[in-house]
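Bear in mind that the values in this text are calculations on the coordinates, not laboratory data. On a predicted model such as this, the values are computed, not experimentally measured, just so you know. Cβ placement follows ideal geometry from the backbone for every residue including glycine, while neighbour counts extend to all protein chains displayed.
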Amino acid sequence: MNKTSIIALALFCFNLGIAQEIKNPKDTEIYEPVPPTVQPYGQNGVPSDAVVLFDGSNLEEWINSKDKSTPSWILNKDDKSMTIQRGQDQKNATIQTKKSFGSVQLHIEWKSPTKINGKGQQRGNSGVFLQGRYEIQILDNNNNDTYVNGQVASVYKQSVPLVKASVPMGEWNSYDIIYHAPEFKGKEIVKPASVTVLHNGVLVQDHFIIKGPTRYIGLPSYTPHGKGSIKLQDHGNPVSYRNIWVREIK
């Protein structure tokens, strides 16, 4: 039995209330395996092991969710952002990553339109979908109330955010999301998905256990699935995004 196993056994015994006397401090020290080194502020301030999904230069990592075509969104070179826009055919312009992901750390920045148009769910509405199924709501809630499990930073229709941490309309918000994918055994859910969200650096979702894929009507329930795309929703409002990167959690 190696030292890691011995320490794990000792901690297991401790959790069971079984006393085990250890007199040498070296008996609780682990030296291998050594965690890999990551530069936290690599190129353009992005962690060195992150996958850059959008840096303002192009939309090559994204496709239209409906027909897998090139996105119709507008590239804004001045602030290195992209803004939701439907093409000439006016089809839904929701986009998704070409790559599929499971558990991730996701950083994304977004801002609502500066022109007020609509109210409630019709104002600055979009959303970030993890594995294409589980939505973190994006909405302009500045002087704009709505149902609280559908407000900004909610797990849509499932979890009310702890606080509202929005910046003024038209300024850049950030989400930092820690997401753990669900686990299935055959057709059974053995471990549901969970999510932690920081909105502008403020904790708003604290390891919430997701109840199933987002539904507008009805109650969520799980069906088995594997990795999935990250989606950005077109809800008919010109929301903008920038500086999107992801780190896979192994």
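Picking from THR214, THR114, THR196, which is most flexible by a Gaussian network model of the chain using Cα springs under 10 Å?
The residue that fluctuates most here is THR114.
Mind pulling the angle between the C-alpha long axis of helix 3-15 and the longest principal axis of the chain? Nearest 10 degrees, somewhere in 0 to 90.
Value to nearest ten degrees: 90.
In this model, which of LYS91/LYS157; LYS119/LYS231; LYS66/LYS231; LYS115/LYS164; LYS66/LYS157; LYS98/LYS231 are farther than 18 Å apart at the alpha-carbon?
On the way: LYS91/LYS157 25 Å; LYS119/LYS231 24 Å; LYS66/LYS231 11 Å; LYS115/LYS164 21 Å; LYS66/LYS157 23 Å; LYS98/LYS231 10 Å.
Cα-Cα > 18 Å for LYS91/LYS157; LYS119/LYS231; LYS115/LYS164; LYS66/LYS157; rest within.
Based on DSSP H runs of at least 4 residues, each adding -39500 (n - 2.57), what is the mean residue ellipticity at 222 nm of the chain after dividing by all its residues, to the nearest 500 deg cm²/dmol? Intermediate values should be presented prior to the final figure.
Values: 1 runs with 13 residues, N = 250.
The per-residue figure over the chain is -1500 deg cm²/dmol.
Looking only at ILE178, ILE22, ILE108, which one moves most when the chain is put into a Gaussian network model with springs between Cα atoms under 10 Å?
Checking each option, the largest mean-square fluctuation is seen for ILE22.
Quick one: compute a quarter of the convex hull surface over the Cα atoms of the range 209-250 and quote it in nm².
5.0 nm²
Cut-off under 20 Å on the C-alpha distance; same-chain residues fewer than 8 positions from LYS77 excluded. Which aspartates and glutamates are left, in chain and number order?
Output for LYS77: ASP55, GLU60, GLU61, GLU109, GLU171.
For GLY42, which sequence-distant residues (separation of 5 or more, or a different chain) have an amide H within less than 5 Å of its own amide H, given hydrogens modelled in the peptide plane?
SER48
Leaving out same-chain residues fewer than 8 places away, which lysines sit with a Cα under 18 Å from that of LYS250?
The qualifying lysines are LYS99, LYS191, LYS227.
Could you list the residues of the range 233-250 with an amide nitrogen less than 16 Å from a label point located 7 Å from the Cα of THR37 in the Cα-to-C-beta direction?
none
I want to verify a result. In a Gaussian network model of the chain, Cα cutoff 10 Å, which of these has the top mean-square fluctuation: VAL128, VAL46, VAL204?
Among VAL128, VAL46, VAL204, the largest GNM mean-square fluctuation belongs to VAL46.
Search the structure for amide H atoms under 5 Å from the amide H of LEU53, placed 1.01 Å from N in the peptide plane, and list their residues when 5 or more places away or on another chain.
The answer is ILE244, TRP245, VAL246.
Which value in nm describes the separation of the simple spin-label points at ILE249 and SER57, placed 7 Å from the Cα toward the beta carbon?
It works out to 3.0 nm between the two label points.
Given +1 on the Cβ of Lys and Arg, -1 on the Cβ of Asp and Glu, and no further charges, what dipole in debye does the range 36-100 carry about its Cα centre, rounded to the nearest 20? If you can, show how the numbers build up before the last one.
Working: 8 positive and 8 negative charges, 53 e Å.
So the magnitude is around 260 debye.
Quick one: if the Förster radius is 45 Å, what FRET efficiency do LYS80 and GLU29 give, using the C-beta to C-beta distance and rounding to 0.05? Intermediate results must be reported in sequence, preceding the final value.
On the way: r = 46 Å, r/R0 = 1.02.
The pair LYS80/GLU29 has a calculated efficiency of 0.50.
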